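Scroll down for the structure; my scribbles are underneath it.
Read-outs: derived from the displayed coordinates by stated rules, not from any lab. Fair warning: this is a prediction, and the values are worked out from it, not measured in the lab. Every residue, glycine among them, receives a Cβ derived from its backbone with ideal geometry; neighbour counts consider all protein chains shown.
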Amino acid sequence: MKFKKVIFILFTLIVFSVNVYADSSINVSKRLNGVDNVDVSFSYEIVPKDTNPDNSNFSPNTFDIKFDSNSVIEDRLSFENYTLDFSSINFTKPGKYEYILRETSSSNQRVYPKDNNYYTIELNVLNEVDTNNNPTGNIIIDVLQNAFLNDTSGKGEILFETSPLTFITLSKKVTGDMGDINEYFKFKIEIDGDGYTILGQDSSVVYNGQTINTINTYNGSGDNYVYLKHGQTVTIGLNNGEYQIPSNSLYSIEEMDASNYKTYVNNSTGQLKSWLTHAINTPDSNNVSFVNNYESTVLTGVFISIIPYIILISLAIIGIYVLKKKPKKRNIN
């Protein structure tokens, strides 16, 4: 009996001593949307579930996917891939194994936030058998390619993606001898998405004789207005140093009323009342500056041009007055 037991133990060790990797790897993709250039890396972690037959030979595995100047960008999209291979695991028991795959961090979380989706990868660990259904001493690792549980993205593949984030700044300047630097100006804001933080405007303003309590969150489902006076700047989509607006979003800013002013946007040579339907790319390209100019209506040039005539007429009047006042000569005869 002892001899048979030893033989069984040796046979078990032989069975699990060699792994056959029929389909032991799977591709993990990372996609960046709306990029023109990129330099960022993302970290990942794969952790076994406690329900696995045996995790004694597994330690949490981590890997990175990096984008840099060598990454190909087409139509403002960029892909990088990583082959996740389970062949390095020394499985000691057959059965169904499950692993959680997450994106854990980004090297530039402010602009390129990590994807919060996660995947449960299933794989079968099996005894390889010969034509007589006898174990060969090898293990077969079979990753189930399209069986990703908890795929909250609904993509049906292991694909993590990120749209770079940014924010918008809006500033107001008033010029001209009739410009009122204490007057508030009203702007209508439209941006793809919602829930963006608005910072920088006064909490209460007086506009057209009415007191208005301003908002501090952009709500895409309704009308959103910002009120600024001379020298003020507001940021939209910047909260505690973190960017909020996806970089491929469209936005529009339109100044309301201000009919007495000539309005210029971003150093425009002609008058503009709005900055319509622009695509957000990088933070530097989303600075919008409105300048309102209001000059007096005194026709200074016309006034100066008639001064010579006024002088001549004045001299003529003085001359007539002098002549009238001149004493008459007495006749001595």
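Data table
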{"item": "Note, ³J(HN,Hα) from phi for segment 244-258, Karplus 6.51, -1.76, 1.60, rounded to Hz, x at Gly and Pro", "result": "10, 9, x, 5, 9, 6, 9, 9, 9, 9, 10, 7, 9, 6, 6"}
{"item": "Residue among ILE141, ASN116, TYR97 farthest towards the positive dipole end of segment 15-162, charges placed on Cβ", "result": "ASN116"}
{"item": "Long-range HN-HN contacts of ASN108 with modeled amide H, under 5 Å", "result": "SER41"}
{"item": "Sites VAL47 and THR92 - FRET efficiency at Förster radius 25 Å, r taken between beta-carbons, to 0.05", "result": "0.85"}
{"item": "In order through segment 213-221: 3J(HN,Hα) via Karplus (6.51 cos²θ - 1.76 cosθ + 1.60), integer Hz, x for Gly, Pro", "result": "8, 6, 9, 10, 9, 7, 10, x, 8"}
{"item": "Neighbourhood charge, 12 Å Cβ-Cβ cut-off, centred on PRO53 and excluding it, Lys, Arg +1 and Asp, Glu -1", "result": "0"}
{"item": "Average Cα contact separation per residue, segment 15-162, under 8 Å, 6 or more apart, as relative contact order %", "result": "33 percent"}
{"item": "Size of charge dipole - segment 165-293 - debye, nearest 20, with Cβ of Lys, Arg +1 and Asp, Glu -1, no other charges", "result": "220 debye"}
{"item": "Residues with amide H under 5 Å from that of TRP275, placed H, sequence gap 5 or more", "result": "ILE253, GLU254, GLU255"}
{"item": "Dipole magnitude (debye, nearest 20) for segment 15-162, charges at Cβ of Lys, Arg, Asp, Glu", "result": "300 debye"}
{"item": "Anisotropy class of segment 139-264 from Cα gyration tensor, a/c 1.5 cut", "result": "prolate"}
{"item": "Extension gain from ASN219 to VAL72, taking 0.36 nm per residue of separation minus the Cα-Cα distance", "result": "49.4 nm"}
{"item": "Extension gain from ASN266 to ASN132, taking 0.36 nm per residue of separation minus the Cα-Cα distance", "result": "40.3 nm"}
{"item": "Which of THR263, THR297, THR217, THR211 has the fewest Cβ neighbours within 10 Å, and the rest in rising order", "result": "THR297, THR211, THR217, THR263"}
{"item": "Amide hydrogen neighbours beyond the local backbone of LEU165, cut-off 5 Å, H modeled", "result": "TYR112, SER247"}
{"item": "Whole-Hz couplings from phi, Karplus 6.51/-1.76/1.60, listed for segment 91-105; x for Gly and Pro", "result": "6, 10, 9, x, x, 8, 10, 10, 9, 9, 10, 10, 8, 9, 6"}
{"item": "Segment 165-293 - percent relative contact order, Cα under 8 Å, separation 6 or more", "result": "37 percent"}
